[in-house]
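Since the structure comes first, as structure tokens, the remarks are kept for the end.
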Amino acid sequence: MKKTIITLMMAISATISMAKDIKTVVFTTMPQMHCENCENKIKGNLRFEKGVKKIETDIEKQHVTVTYDADKTTIEKLQNGFEKFGYEATVVDTESNENSIEADSQEKND
């Protein structure tokens, strides 16, 4: 019984120490996205930025939503990433995703 409890406690502490600080930021860009090629240009270039986990684009709203690991990058670094391929990114909204390990594993299971 003691071994089971100790093993369980070690597993829980290991999971907590491995937790990542996953955040989401919504940008609007200049020049604006007008077509699928604009979306592909943004997604194709921004995916190489360190810490980027997911990129979603919405032409109608003119938004680029980026989910990233805050331990590896910052909003400023992401904005600099946009500049590398000729876009200027302005922050519209930010969000911190708590319990990101559970969220990541649930996304993979869905």
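We did not get these values from a lab; they are worked out from the coordinates using the rules stated. Note that this is a predicted model, so its numbers are computed, not measured. Please note: Cβ atoms are built from the backbone with ideal geometry, for glycine as well, and neighbour counts cover all protein chains shown.
The table that follows gives values for the structure above.
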quantity: Note, ³J(HN,Hα) from phi for the range 31-36, Karplus 6.51, -1.76, 1.60, rounded to Hz, x at Gly and Pro; calculated: x, 6, 7, 10, 8, 5
quantity: Label-point separation in nm, GLN32 to LEU8, each point 7 Å along Cα→Cβ; calculated: 5.7 nm
quantity: Pairs from LYS41/LYS72; LYS2/LYS54; LYS23/LYS61; LYS2/LYS23; LYS3/LYS72 whose Cα-Cα separation, in the structure shown, is over 31 Å; calculated: LYS2/LYS54; LYS2/LYS23; LYS3/LYS72
quantity: Karplus (6.51, -1.76, 1.60) ³J(HN,Hα), θ = phi - 60°, over the range 73-88, in Hz, Gly and Pro reported as x; calculated: 8, 10, 4, 4, 5, 5, 4, 5, x, 4, 4, 4, 10, x, 10, 10
